[in-house]
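Participant: Quick one: structure below, then a few questions.
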Amino acid sequence: MKQIPKYMEIYLDVKRKIMDDGYQVGTKLPTGDQLAEEYGTSKLTVKKGIDLLVSEGVLRTRSGFGTEVLRKPIDNSKVFGPNEGLLSTMGEEHVDSEIHTFSIELPSNEVAEMLQISEKDYIYNIIRSRFIDHQPYSIEQTFMPLAIIPGLEPKHLKKSVYAYITDELNLEIKSSHLWIKGDVANEFDAKILNIDPGEFMIEVDKVVSLSSGVPFEYSLSRHIYKDFVFEAIFVEK
């Protein structure tokens, strides 16, 4: 079984130490060289893990000063960027996927508009449920244009679709536009996520684009509200 990426190991360990007051608010972390020696890896890998905590607003890094602990992290927060999928963030051994729908069809007017394609351009319609450490996490419906993401197969859905896009298609994922809203669970949500119909849920709608600016994904992810944390850090530069 594939091990958790080293940078994620560092991210989780430093986060745990902050939670347990191993690194207290207002103090500085060891230097990049010291952390690299401690974890037996490169400074670049350490920086990748530390940058996740910086993006959460838990740490602040300043040139010539070092890395300071600003606050304790939210216990169940998870960090996702526009090019970070669930597997790359949590580690492959922690994530399972169940495919409910994988079809090729013509898009609805709404999907075509979101993907900036014609209603005559075929798309993938994918519905899958995601589990973290065997616990229900989300239900995702994803639409992708065949012309932009060719060769997608069910085997890719069991792992990382983003890895297929970047590693095999050699495309660069650049940006995402998110809409977050509340909804109530339908019968399918309730069955898959083991909740009651009508229970409050969070839905995240997302359009993701390549470095060329072309949208390649329109997705709707539905989450149990108790497991969902949205956090935004605004920093004036």
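The values are calculated or read from the model by the stated rules, or taken from the named source; none is laboratory data. Every value quoted in this text rests on a predicted model; they were computed, and no experiment measured them. Here Cβ is always computed from backbone atoms with ideal geometry, including for glycine, and neighbour counts include all displayed protein chains. Note: accessible area is taken over every heavy atom of the protein model, side chains too, but ligands, DNA and RNA are not part of it. Shrake-Rupley method; radii C 1.70, N 1.55, O 1.52, S 1.80 Å.
Participant: Set Lys and Arg Cβ to +1 and Asp and Glu Cβ to -1, take the dipole of the chain about its Cα centre, and tell me which of 59, 200, 225 lies farthest positive.
Facilitator: So the residue we want is 59.
Participant: If you bin the C-alpha pair distances of the range 183-223 every 10 Å from 0, what whole percents do you get?
Facilitator: The percentages, shortest bin first, are 29, 36, 21, 14, 1.
Participant: What shape does the chain have by the C-alpha gyration tensor, where a ≥ b ≥ c are the square roots of the eigenvalues, rounded means a/c under 1.5, and otherwise prolate means a/b greater than b/c and oblate the rest?
Facilitator: Taking the square roots of the gyration eigenvalues as a ≥ b ≥ c, the chain is prolate.
Participant: Answer rounded, prolate or oblate for the range 152-225, using the Cα gyration tensor with square roots of eigenvalues a ≥ b ≥ c: rounded when a/c is under 1.5, else prolate when a/b is larger than b/c, else oblate. Kindly include the intermediate steps, with their values, before the conclusion.
Facilitator: On the way: a/c = 4.05, a/b = 1.80, b/c = 2.26.
Cα axes put the range 152-225 in the oblate bin.
Participant: Let me check against my output: what whole-number percent is the relative contact order of the chain, with C-alpha pairs under 8 Å and at least 6 apart?
Facilitator: 16
Participant: Measure off 7 Å from each Cα along the Cα-to-Cβ vector at residue 34 and residue 17, then give the distance between these two points in nanometres to one decimal.
Facilitator: Each label point is offset 7 Å from its Cα along the Cβ direction, giving 0.8 nm.
Participant: Pairing the Cα long axis of helix 6-19 with the longest principal axis of the chain, what angle in degrees results, from 0 to 90 and rounded to the nearest 10?
Facilitator: 60
Participant: Moving on to the next point. For residue 191, what charge total do you get from the other residues with a beta carbon under 14 Å from its beta carbon, if Lys and Arg give +1 and Asp and Glu give -1?
Facilitator: Values: positive: 222; negative: 98, 187, 189, 196, 199.
Local charge sum for residue 191: -4.
Participant: What full-extension length gain, to one decimal in nm, is calculated for residue 146 and residue 119 as 0.36 nm per residue of separation minus the Cα-Cα distance?
Facilitator: Roughly 8.5 nm would be gained on extension.
Participant: What does the charge add up to near residue 39, with Lys and Arg as +1, Asp and Glu as -1, over the other residues with Cβ less than 10 Å from its Cβ?
Facilitator: Charge balance in the 10 Å sphere: -3.
Participant: Using 0.36 nm per residue of separation minus the Cα-Cα distance, give me the extension gain between residue 93 and residue 6 in nm, one decimal.
Facilitator: Difference between extended and current length: 30.0 nm.
Participant: Sticking with this one: Could you put 110, 68, 187 in order of accessible surface area, largest first, with the 1.4 Å probe and the full protein assembly present? Could you put the intermediate results ahead of the total?
Facilitator: Working: 110 105, 68 30, 187 135 Å².
Listed by decreasing accessible area, they come as 187, 110, 68.
Participant: In the chain, what percent of the accessible surface is made up of carbon and sulfur (1.4 Å probe, ligands and nucleic acids excluded)?
Facilitator: 51
Participant: Which is farthest toward the positive dipole end of the chain among 4, 137, 160, measuring Cα position about the Cα centre, with Cβ charges +1 (Lys, Arg) and -1 (Asp, Glu)?
Facilitator: Comparing the listed Cα positions along the dipole, 4 ranks first.
Participant: For a test of the definition: using alpha carbon positions, the gyration tensor, and the 1.5 limit on a/c, classify the range 100-171 as rounded, prolate or oblate.
Facilitator: oblate
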